[in-house]
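Written out below as structure tokens is the structure these notes cover.
Values quoted throughout were computed directly from the atomic coordinates according to the rules given, and no laboratory measurement underlies them. Just so it is clear, the model here is predicted, and its values are computed rather than measured. FYI the Cβ positions are ideal-geometry reconstructions off the backbone, even for glycines, and counts take in every protein chain you see.
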Amino acid sequence: MPTSDFFTDTFSPSVALTLAFAAALVLGLALKFWLASRQVRHVARHRAEVPAPFAERIALAAHQKAADYTITKARLGILEMALGAAVLLGWTLLGGLDALNQTLLAGLGGGFWQQLTLLVAFAAISGVIDLPLSLYQTFVVEERFGFNKMTWRLWLADALKGLVVGAIIGLPVAALILWMMGAAGPLWWLWAWAFWMGFNLLLMVIYPTFIAPMFNKFQPLEDESLKARVTALMQRCGFSAKGLFVMDGSRRSAHANAYFTGFGAAKRVVFYDTLLRQLAPGEVEAVLAHELGHFKHRHIVQRIVTMFGLSLAGFALLGWLSAQVWFYTGLGVTPNISFDTAVAAAAPNDALALLLFMLVLPVFTFFISPLFSQLSRRHEFQADAYAVAQASGADLSSALLKLYEDNASTLTPDPVYVKFYYSHPPATERLARMQLPDQP
């Protein structure tokens with residue numbers, strides 16, 4: 001090989017992408033393993049004793065259950081990380097996605113339907129690969145610690161409903177984006193972004209009314225005393241909702257939660273039935289006040305605006321990368337390249353570009369995830385402060401501790417792990433920020 005060709009091949013964009021992707025994958029995996037190992041060691045080291053601030057309110061048995069649950073999930077997470085990295089390499093550099101694409105090209109020829117079939121086939125294969133660990137998480141880990149309430153029949157019903165809903169919603173969305181990529185010209189990504197954002201906003205409106213009830217039952221809150229208390233709180237905070245509902249979360253899990261769902265006039269307040277069983281009325285009010293704090297500080301709007309901005313940048317980047325041959329070859333895929341426009345139109349690369357982008361982007365964005373975790377924790381502190389001002393700080397403190405205990409959330413997470421992953425601050429930091437007097 002001539003020297004000039006050697007250097008051209010060695011430092012080509014394709015090779016550079018391959019090296020950058022491999023390096024990011026290895027570094028990210030090593031960092032994830034290190035963080036998970038820190039979490040396991042730190043939690044295990046503090047398993048024998050309840051932290052002093054909680055010693056009078058949290059039983060040792062509950063503290064140890066939380067530690068064991070956290071360690072078990074972390075170890076399963078390590079296995080999941082290793083499997084995920086292997087599958088990612090299989091799809092990309094080892095040629096899995098290329099082989100699937102070539103098989104479909106041979107059977108269906110090029111064109112729109114082959115592209116859509118490629119997306120469906122990829123989703124189906126990925127779902128099958130992910131299924132064993134998902135089942136183990138639900139029917140072994142969650143079962144072992146007393147959280148799983150789902151039967152195999154209910155799981156199968158949920159899975160079938162999910163497939164149907166996914167097909168009804170996902171297939172038209174995927175088809176329209178593929179069509180835009182092929183027909184909307186060089187600025188297809190801008191049109192696709194506008195459609196994607198509009199679709200997400202629409203989904204926020206229709207999900208609470210039409211989709212969520214397919215999986216759970218939502219009954220109006222019947223406790224008149226609690227309803228009056230919650231309504232008075234919302235009026236005090238200048239918040240209106242379409243209704244107060246109780247969800248049958250106990251059919252699937254013993255975990256408790258409360259949340260707002262919907263957008264605009266379709267907003268709903270939803271309480272898990274498990275939450276109402278575990279918390280006193282004042283504690284429920286305090287938890288709701290915390291959620292209202294997110295709206296008061298416009299955290300939801302900020303997140304939507306951030307999603308708009310990041311999605312626009314992502315679609316613009318995809319629009320550029322999809323036209324670069326090295327983007328495909330550097331990730332183990334042979335694109336459909338032709339100088340004959342008719343042939344090129346018959347065998348587009350649009351689905352390949354979408355799939356490669358979705359596979360590879362998380363490998364690089366993982367390293368900036370602590371920034372988003374930090375912002376989320378800051379929002380939680382602000383919502384706590386708002387709740388303390390609008391309701392009882394003592395009730396909020398008590399509610400948080402009950403939820404930590406009932407959900408088996410460890411009180412002693414590793415500080416570095418927290419900074420990298422935790423979207424909510426640890427209990428010690430949250431209670432310290434509230435500046436509450438000692439509870440009896």
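Brief remarks on what is shown
- Counted over the chain with a bin width of 20 Å, the fraction of Cα pairs per bin, in whole percents, is 20, 52, 25, 3, 0.
- For the chain, modelled as a GNM whose springs connect Cα atoms under 10 angstrom apart, the maximal fluctuation among 118, 83, 160 occurs at 160.
- Shape category assigned to segment 86-138 from the gyration tensor of Cα positions, a/c cut at 1.5: oblate
- Paramagnetic reach from residue 300 (point 7 Å along Cα→Cβ, amide N under 14 Å) across segment 269-289: 269-271, 288-289
- Relative contact order for segment 257-325: 20 percent, from Cα pairs under 8 Å spaced at least 6 residues apart, divided by residue count.
- Three-way shape call for segment 106-232 based on the alpha-carbon gyration tensor, with the a/c threshold at 1.5: oblate
- Cα gyration tensor category, rounded, prolate or oblate, for segment 1-154 with a/c compared to 1.5: oblate
- Taking the C-alpha atoms only, the angle from helix 224-236 to the longest principal axis of the chain is near 70 degrees.
- Cα-based reach from residue 32 at 18 Å (exclusive), listing lysines while leaving out same-chain residues under 8 positions away: 73, 419
- For the listed residue pairs 242/296; 149/402; 149/217; 149/267, the alpha carbons are over 22 angstrom apart in 149/267.
- The chain, helix-only ellipticity at 222 nm - DSSP H runs n ≥ 4, -39,500 (n - 2.57), divided by all residues, nearest 500: -22500 deg cm²/dmol
- Environment charge at residue 286 (Cβ cut-off 12 Å; Lys +1, Arg +1, Asp -1, Glu -1): -3
- Remark: the residue 421-residue 251 segment gains 58.3 nm on full extension, using 0.36 nm per residue and subtracting the alpha carbon distance.
- Computed 3J(HN,Hα) for segment 146-157, one whole-Hz value per residue from the Karplus formula 6.51 cos²θ - 1.76 cosθ + 1.60 where θ = phi - 60°, is x, 9, 6, 10, 7, 8, 4, 5, 5, 4, 5, 4, glycine and proline marked x.
- Net charge of Cβ neighbours under 13 Å - reference residue 205; Lys, Arg +1; Asp, Glu -1: +3
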